[in-house]
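Q: Have a look at this one.
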Amino acid sequence: MTIMFSRAEWRLFALIAFLYMTQGIPLGLAMETLPTLLRKDGVSLQWLALLPLVGLPWILKFLWAPMVDNVWSARFGKRRSWIIPMQSVVLLCLLLVASIGLTGHATPVVLTLFAISSLASATQDTATDGLTAENAHGPALARANAVQVGGTMVGFFIGGSGCLILAGLFGRPVALLAVAAIVGVGLALALLWREPGTDGQSRERPRASLVRLIRRRGAGTILALALLTAIAASSTFALFKLLLVDRDWPLEQIGALGMAGGVATIIIGCGGGAWLVNRAGIRFVLICGLACLALSAALWMQASASEADITHTMALIAVVSGSTGSGSVSVALMTFAMAFAQKGDQAGTDMTGVQSTRDLGEMGGSSFATFIAASFGYGTAFGVAFLLSFCGALMSLRTKRGMTER
């Protein structure tokens, strides 16, 4: 059956696609492009060690998320009141970096500008999640979350590998201006979009707060799933590249595997996951996705225990399985969280609580897995990732069916 969208719905999807994509760009720039270019200029590793701090606002954004739900202008709209200024800040920071130049001597200023853009992007994410939860309903909700996960990843690739390619071909200023142009398109769409009228009683409702989220029935299950699935996925992805390096794989082959994983995440995981959510339900996709993550961890665990060479076929199967699982679990979990948020009156705060938990799990899981591998070996670390995936699937299976209905 063909599903028809109105012009307003197409505009909404175009808007959220660009917003999520532009939110991923600063992270890609800070995590991939910036360290590569600055190291090429001879910047010390001590300076580069500070780069992960740029992503700190994405973990801490839950602290100010209630303010995004509580403070807004009726003239601009509840979500546009935050999206437009935050998008403008990101655009301004990118233009300033382009004018200053991504060079070694400008490192302190560039780091400061990227930190500001990361703070703005993280804050905007709360408003964008609220906008999506309040305007996408029914089958559109799963597709919106596929756009969320896929769009953020595409933005990360644009800011990372894409910007590096452009910098090599046309120079650093041109690369930054091209990336800034994408942010400009997102800002233009936000300016042109007219937010539906907000309920006149909304200002009289209880103020948004994290305490209200924690006290809501079902919040503990969603937050626990967010943490478990993030740790399981990040543990495997953090370790397999290190394992392949230790097995003397060429860097270009490891990079090609990573790109294949990214494509699988976006197309099979996000796209296929959204399609399957609307046909089989959130719980089914969660369990299937976690099974894919468990399969990936099991394959890497077996490979690490064997002294034989790791074949390209086996590595590709493991990476595609893990990437598919990661993408589909993300779509299902975010659809679950948005359906949960729609039933309350603080969608931005509720979604931010879930996403901050996931971000914490991803960053903490990577460090935790590396520590386990260093202390007990790769096999044990992949075994822990397998166990976490199994526990997540068991928790999903035990989740009441009514909780996962949209």
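The values are calculated or read from the model by the stated rules, or taken from the named source; none is laboratory data. Note that the coordinates shown come from a computational prediction; the quantities given were computed from them, not determined experimentally. With ideal geometry, Cβ positions are generated from the backbone for all residues, glycine too; neighbour counts draw on all protein chains shown. Heavy atoms of the whole protein, side chains included, go into the accessibility calculation; ligands, DNA and RNA do not. Shrake-Rupley method; radii C 1.70, N 1.55, O 1.52, S 1.80 Å.
Q: For Lys40 and His105, compute 0.36 nm times the residue count separating them, minus their Cα-Cα distance, and round to one decimal in nm. All intermediate terms of the calculation are to be shown ahead of the outcome.
A: Working: separation 65, 0.36 × 65 = 23.40 nm, distance 1.24 nm.
Stretched out fully, the Lys40 to His105 stretch lengthens by 22.2 nm.
Q: Okay, moving on. For the chain, with only Lys/Arg (+1) and Asp/Glu (-1) charged at the beta-carbon, what is the dipole magnitude about the Cα centre, in debye rounded to 20?
A: Values: 29 positive and 20 negative charges, 273 e Å.
Roughly 1300 debye for the chain.
Q: For Arg7 and Phe371 in one chain, what is 0.36 nm times their gap in residues minus the Cα-Cα distance, to one decimal in nm? Mind showing how you got there, number by number?
A: Numbers: separation 364, 0.36 × 364 = 131.04 nm, distance 5.08 nm.
Between Arg7 and Phe371, full extension yields an extra 126.0 nm.
Q: Dividing the alpha-carbon radius of gyration of segment 265-378 by 2.2 N^0.38 Å (N being the number of residues), what value is obtained?
A: Working: Rg = 16.5 Å, N = 114, 2.2 N^0.38 = 13.3 Å.
So segment 265-378 has a normalised radius of gyration of 1.24.
Q: Something else now. Can you give me the P(r) profile for segment 32-121? Cα pairs, bins 10 angstrom wide beginning at 0, each as a whole percent.
A: The distribution over segment 32-121 is 15, 40, 27, 14, 3, given as percents.
Q: Let me ask something else about it. Quick check: pseudo-label points 7 Å beyond the Cα along Cα→Cβ at Val185 and Lys343, how many nm apart are they?
A: The answer from the label model is 3.8 nm.
Q: Let me ask something else. Can you work out ³J(HN,Hα) from phi for every residue in segment 326-335, in order, using Karplus 6.51 cos²θ - 1.76 cosθ + 1.60 and θ = phi - 60°, giving whole Hz and x for Gly and Pro?
A: 4, x, 5, 5, 4, 5, 5, 5, 5, 5
Q: Additional query: Could you go through segment 227-243 in sequence order and give the Karplus-derived ³J(HN,Hα) for each residue, using 6.51 cos²θ - 1.76 cosθ + 1.60 with θ = phi - 60°, rounded to whole Hz, and x for Gly and Pro?
A: Couplings: 5, 4, 5, 5, 5, 4, 5, 5, 4, 5, 5, 6, 8, 5, 5, 5, 4 Hz.
Q: Highest first, please rank the peptides 224-231, 53-60 by the mean number of other Cβ atoms sitting within 10 Å of their residues.
A: Ranked from most to least packed, the peptides come out as 224-231, 53-60.
Q: From the protein chains alone at 1.4 Å, what is the descending order of accessible area for Leu210, Leu51, largest first?
A: Leu210, Leu51
Q: Using a 7 Å offset from the Cα along the Cα-to-Cβ direction at both Ile254 and Thr311, what is the distance between the two label points in nm, to one decimal?
A: Going by the 7 Å Cα→Cβ label model, 2.3 nm.
Q: For segment 76-93, in order, what is each residue's ³J(HN,Hα) by Karplus, 6.51 cos²θ - 1.76 cosθ + 1.60 with θ = phi - 60°, in whole Hz (x at glycine and Pro)?
A: These are the phi-based 3J(HN,Hα) values: 8, x, 4, 8, 5, 4, 9, 5, 5, x, 5, 5, 5, 5, 4, 4, 4, 4 Hz.
Q: What net charge is computed for the residues neighbouring Ile165, neighbours being all others with C-beta under 13 Å from the C-beta of Ile165, Lys and Arg scored +1, Asp and Glu -1?
A: On the way: positive: Arg172; negative: Glu32.
That works out to 0.
Q: Still on this structure: Please give the calculated 222 nm ellipticity per residue for the chain, where each DSSP H segment of at least 4 residues contributes -39500 (n - 2.57) and the sum is spread over every residue; nearest 500 deg cm²/dmol?
A: Numbers: 18 runs with 303 residues, N = 406.
Result for the chain, helices only: -25000 deg cm²/dmol.
Q: If you take the charge dipole of the chain about its Cα centre, with +1 on Lys and Arg Cβ and -1 on Asp and Glu Cβ, which of Ala233, Thr265, Leu19 is farthest toward its positive end?
A: The residue sitting most towards the positive pole is Leu19.
Q: Starting from the Cα of Asp246, step 7 Å toward the Cβ, then list every residue of segment 345-383 with an amide N under 17 Å from that point.
A: Taking a point 7 Å out along Cα→Cβ of Asp246, the residues of segment 345-383 whose backbone N falls under 17 Å are 366-383.
Q: How much net charge surrounds His312 when only other residues with a Cβ under 14 Å from its Cβ are counted (Lys, Arg +1; Asp, Glu -1)?
A: Working: positive: Arg247; negative: Asp248, Glu252, Asp309.
Within the 14 Å Cβ shell, the charges total -2.
Q: Computing the accessible area with a 1.4 Å probe over protein heavy atoms, can you report the carbon and sulfur percentage for segment 18-107? Before the final figure, lay out each step's value.
A: Values: 2720 of 3790 Å².
That share works out to 72 percent.
Q: May I ask you to give the solvent-accessible area per residue for the chain, in square angstrom, as obtained with a 1.4 angstrom probe?
A: Details: 17920 Å² over 406 residues.
Result: 44 Å² of accessible area for each residue.
Q: From the protein chains alone at 1.4 Å, what is the descending order of accessible area for Asp41, Asp345, Asp350, Asp309, largest first?
A: On the way: Asp41 70, Asp345 45, Asp350 5, Asp309 140 Å².
I get Asp309, Asp41, Asp345, Asp350, largest accessible area first.
Q: Right, next: Taking the Cα centre of segment 81-210 as the origin, how large is its charge dipole in debye, to the nearest 20, when only Lys and Arg (+1) and Asp and Glu (-1) carry charge on their Cβ atoms? Could you put the intermediate results ahead of the total?
A: Details: 6 positive and 6 negative charges, 28 e Å.
With Lys and Arg at +1 and Asp and Glu at -1, about 140 debye.
Q: Enter the per residue convex hull volume of segment 162-306, computed from alpha-carbon coordinates, in Å³ rounded to the nearest integer. Don't skip to the answer; put the middle values down first.
A: On the way: hull volume 31.1 nm³, N = 145.
Normalising the Cα hull of segment 162-306 by residue number yields 214 Å³.
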